[in-house]
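Undergrad: Handing you a structure now.
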């Protein structure tokens, strides 16, 4: 028996957005000409957008509740992110979602002030059987 994987041709998603104020820094910026100031703690409004695959069209995951659930991951007021990048924040959310909502495609985008950011896409593997069946 041989197993191969392929992308699904069509799927439905929901998406939610939210914002959180945060302070972070990029210590390695001290060596990057023109952006050395990033090495010091500085403030942003971090914009989050999360897209989640759903399995039917009638509130498989209710997006207002989903948004609140994700916002509650950051309910401590101003985020103190130390050296975390947008990509790292997106990875944190992705790691949470793949546990709480397994076997779904997910895209997480995080930007600084809605201007520049990072995005992570997780495509769940789709098993396709090819080969002979022996019974």
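Undergrad: Looking for something in a strand (DSSP E or B) and more than 18 Å from residue 118 (Cα to Cα) - is there at least one such residue anywhere in segment 53-60?
TA: Initial filter on segment 53-60 (in a strand (DSSP E or B)): 53-54.
This time we only want the ones that are more than 18 Å from residue 118 (Cα to Cα), so: 53-54.
The answer is yes, given that some residue of segment 53-60 is in a strand (DSSP E or B) and more than 18 Å from residue 118 (Cα to Cα).
Undergrad: State the number of residues belonging to segment 70-83 that are assigned to a helix (DSSP H, G or I), loosely packed, with under 15 Cβ neighbours inside 10 Å and touching a helix residue (DSSP H, G or I) at 6+ places or on another chain (Cβ under 9 Å).
TA: First pass over segment 70-83, keeping only residues assigned to a helix (DSSP H, G or I): 70-74.
Narrowing the set further to residues that are loosely packed, with under 15 Cβ neighbours inside 10 Å leaves 71-73.
Subsequent filtering for residues that are touching a helix residue (DSSP H, G or I) at 6+ places or on another chain (Cβ under 9 Å) retains 73.
Total meeting the criteria: 1.
Undergrad: Oh, and also: Suppose we filter 43, 119 for residues that are surrounded by fewer than 16 Cβ atoms within 10 Å (Cβ to Cβ), in a strand (DSSP E or B) and within 14 Å of the chain's Cα centre (by Cα); which single one remains? Explain how you work it out, then say what you get.
TA: On the way: 43 fails: within 14 Å of the chain's Cα centre (by Cα).
After ruling out the rest, the residue left standing is 119.
Undergrad: Further, regarding this structure: Take residue 105 and tell me if it is at negative phi, out of contact with any helix residue (DSSP H, G or I) (no Cβ under 7 Å at 6 or more places or on another chain), at pLDDT below 95 and surrounded by 13 or more Cβ atoms within 10 Å (Cβ to Cβ).
TA: Working: at negative phi: yes; out of contact with any helix residue (DSSP H, G or I) (no Cβ under 7 Å at 6 or more places or on another chain): yes; at pLDDT below 95: no; surrounded by 13 or more Cβ atoms within 10 Å (Cβ to Cβ): yes.
The answer is no for residue 105.
The rows are residues; the columns are (1) closer than 27 Å to residue 11 by Cβ; (2) surrounded by 13 or more Cβ atoms within 10 Å (Cβ to Cβ).
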| position | (1), (2) |
| --- | --- |
| 24 | no, yes |
| 29 | no, yes |
| 47 | yes, yes |
| 57 | yes, no |
| 85 | no, yes |
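Undergrad: Looking at the structure I just gave you, is residue 99 assigned to a strand (DSSP E or B) and either surrounded by 18 or more Cβ atoms within 10 Å (Cβ to Cβ) or free of Cβ contacts under 8 Å to residues at least 24 places away in the same chain (or both)? If you could, list the steps in order and put the result at the bottom.
TA: Numbers: assigned to a strand (DSSP E or B): no; either surrounded by 18 or more Cβ atoms within 10 Å (Cβ to Cβ) or free of Cβ contacts under 8 Å to residues at least 24 places away in the same chain (or both): yes.
Spelling it out, it is not the case that residue 99 is assigned to a strand (DSSP E or B) and either surrounded by 18 or more Cβ atoms within 10 Å (Cβ to Cβ) or free of Cβ contacts under 8 Å to residues at least 24 places away in the same chain (or both).
Undergrad: Taking residue 107, is it in contact with a strand residue (DSSP E or B) (Cβ under 7 Å, 6 or more places away or on another chain) and under 19 Å from residue 17 (Cβ atoms)?
TA: Values: in contact with a strand residue (DSSP E or B) (Cβ under 7 Å, 6 or more places away or on another chain): yes; under 19 Å from residue 17 (Cβ atoms): yes.
Yes: the conditions hold for residue 107.
Undergrad: Something else now. Which condition from (1) at pLDDT below 95; (2) out of contact with any strand residue (DSSP E or B) (no Cβ under 9 Å at 6 or more places or on another chain) is the one that residue 77 breaks?
TA: For residue 77, the failing item is (2).
Undergrad: When the residues of segment 122-135 are narrowed to those that are closer than 25 Å to residue 11 by Cα and loosely packed, with under 12 Cβ neighbours inside 10 Å, which ends up modelled with the highest pLDDT?
TA: So the first thing to find is which residues in segment 122-135 are closer than 25 Å to residue 11 by Cα, and the list is 122-130.
Okay, now just the ones that are also loosely packed, with under 12 Cβ neighbours inside 10 Å, so 125, 127-130.
On the way: 125: 80, 127: 73, 128: 74, 129: 66, 130: 63.
Here the residue is 125.
The values are calculated or read from the model by the stated rules, or taken from the named source; none is laboratory data. Since this is a predicted model, take the numbers as computed values, not measurements. Reconstructed Cβ throughout: ideal geometry from the backbone, glycine too, with neighbour counts over all protein chains shown.
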